[in-house]
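Worksheet: the structure to be examined is printed underneath.
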Amino acid sequence: MSELPSAILFCCTMNAIRSPMAEGIMKLIHGRSIYVNSCGVRLGQEMDGFVIEVMDEIGIDLSDHEPKTFDQLEDSFYDQIITLSPEAQHHAMDMTAYMDCEVTFWNTFDPSLTSGSREQRLDAYRAVRDELMTNIKRAFPRHGLADV
């Protein structure tokens, strides 16, 4: 059984889709036992409405999430950084020059690139949400507790 990190940062390109999803899922699974935050490399958009909808389906309210960049983080110590886009991976690796932490790359599809009907687009967001849920449960299991 591996020890869970005490502080984790999820990051993607703009902190409006993938990283807030991961942050919300991690908080759902682990509550306040782990400090969890998320950010993006660039600030470019508001919270994505499809994210709010698909996360609400599993009981996570992200309607108050305000996207932020690495530069806007109030905390600078993390045991682990999980990057969800190549751009975020490069930025996080630069951070390791002055921060001792583990960086893990989960290359995660950007569902905003999906076209089609509303339902097809929502299905793409659900697929990303479910992939993140699987990855988080595998990497950070809740030992001795019922599965979420």
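Quick look at the numbers
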{"read-out": "Any hit, the stretch 109-126, residues being among the β-branched types (Val, Ile, Thr) and touching a Pro at 6+ places or on another chain (Cβ under 9 Å)", "value": "no"}
{"read-out": "Any hit, the stretch 1-16, residues being under 21 Å from Arg138 (Cα atoms), among the aliphatic types (A, V, I, L, M), at pLDDT below 95 and touching a helix residue (DSSP H, G or I) at 6+ places or on another chain (Cβ under 9 Å)", "value": "yes"}
{"read-out": "Residue that is nearest to Phe140 (Cα to Cα) [pool: residues in the stretch 88-120 that are at pLDDT 95 or above and acidic (Asp, Glu)]", "value": "Asp110"}
{"read-out": "All positions within the stretch 1-14 that are under 22 Å from Met55 (Cα atoms) and either among the charged types (D, E, K, R) or within 8 Å of the chain's Cα centre (by Cα) (or both)", "value": "Leu9, Phe10, Cys11, Cys12"}
{"read-out": "Residues being free of Cβ contacts under 8 Å to residues at least 40 places away in the same chain and within 15 Å of Met14 (Cβ to Cβ) - total across the stretch 68-84", "value": "2"}
{"read-out": "Hits in the stretch 3-46 (condition: free of Cβ contacts under 8 Å to residues at least 40 places away in the same chain and of a type in the set (A, V, I, L, M))", "value": "Val36, Leu43"}
{"read-out": "Conditions (1) in contact (Cβ under 8 Å) with a residue 40 or more places away in the chain; (2) closer than 23 Å to His30 by Cβ; number of the one not met by Glu87", "value": "(2)"}
{"read-out": "Scope the stretch 39-83; condition among the hydrophobic types (A, V, I, L, M, F, W, C), at pLDDT 90 or above and assigned to a loop (DSSP other than H, G, I, E, B); matching residues", "value": "Val41, Ile58, Ile60, Leu62"}
{"read-out": "Answer from Thr96, Thr69 - the residue that is of a type in the set (Val, Ile, Thr), exposed (fewer than 14 other Cβ atoms within 10 Å of the Cβ) and out of contact with any Asp or Glu (no Cβ under 7 Å at 6 or more places or on another chain)", "value": "Thr96"}
{"read-out": "Subset of the stretch 72-85 [surrounded by 18 or more Cβ atoms within 10 Å (Cβ to Cβ), hydroxyl-bearing (Ser, Thr, Tyr) and closer than 17 Å to Glu102 by Cβ]", "value": "Tyr78, Thr83"}
{"read-out": "Single condition Leu9 does not satisfy, out of (1) touching a Leu at 6+ places or on another chain (Cβ under 6 Å); (2) buried (at least 23 other Cβ atoms within 10 Å of the Cβ); (3) farther than 21 Å from Asp123 by Cα", "value": "(1)"}
{"read-out": "Subset of the stretch 116-134 (residues that are part of a helix (DSSP H, G or I) and free of Cβ contacts under 8 Å to residues at least 40 places away in the same chain)", "value": "Arg118, Glu119, Gln120, Asp123, Ala124, Ala127, Asp130, Glu131, Thr134"}
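The values are calculated or read from the model by the stated rules, or taken from the named source; none is laboratory data. These numbers were taken from a predicted model, which means no experiment stands behind them. Glycine gets a Cβ as well: all are built from the backbone with ideal geometry, and neighbour counts include every protein chain shown.
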